[in-house]
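Bear in mind that the values in this text are calculations on the coordinates, not laboratory data. This structure is a prediction, so every number in the text was calculated from the model and none was measured. Cβ placement follows ideal geometry from the backbone for every residue including glycine, while neighbour counts extend to all protein chains displayed.
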Amino acid sequence: MDLFKLFSISAAGMNAQRSRMSVISGNLANVETTRTPEGGPYRRRDIVLQAVPLAGRFSDVLAENADESTQGLMSVEVADIKRSDRPPRLNFDPNHPDADANGYVALPDINVMEEMVDLMAAVRSYEANLTAYNATKNLVRRLLDMGRAG
């Protein structure tokens, strides 16, 4: 197996988790946003990740057909960023400039605790990919040192 494919998989995982953290941060930043360009309160966003076959050159694909250990290697990418369909939560505040005729303000239905748990999971996943990346880097370094010693 080509060690550089391991770098590619780990880097894709880190990129996906970085995107996930960015979306979660946006949700947390807009937890009290009552106006958006589309109108109404901010709507929570969720990231959709998908597994994709590991991309490579055509010659790599041909070489992989002979080596069954690398077949089925999957990477990850961001497929979409979806807006939540959850209705906004209503908060009674008749003095708010965006209050309706009954005194209720429509706020985003964002649970801060849920977002923080998702953020912690994304950080842990990023760290796991970084650890795999660094382990592969150390393996390559040791292989190069063995080649110089011999």
Separation in nanometres of the label points that stand 7 Å from Cα toward Cβ, at residue 48 and residue 18
2.4
Quickly estimate the mean residue ellipticity at 222 nm for the chain, helices only: each DSSP H run with n ≥ 4 gives -39500 (n - 2.57), and the total goes over all residues, rounded to 500.
-17500 deg cm²/dmol
With labels modelled as points extended 7 Å from the Cα through the Cβ direction, what inter-label distance (nm, one decimal) is found for residue 143 paired with residue 114?
4.5
What FRET efficiency comes out for the pair residue 121/residue 38, r = Cβ-Cβ distance, R0 = 35 Å, nearest 0.05?
0.75
Report the full-extension gain for the segment residue 134 to residue 92: residue separation times 0.36 nm, less the Cα-Cα distance, to one decimal in nm.
10.0 nm
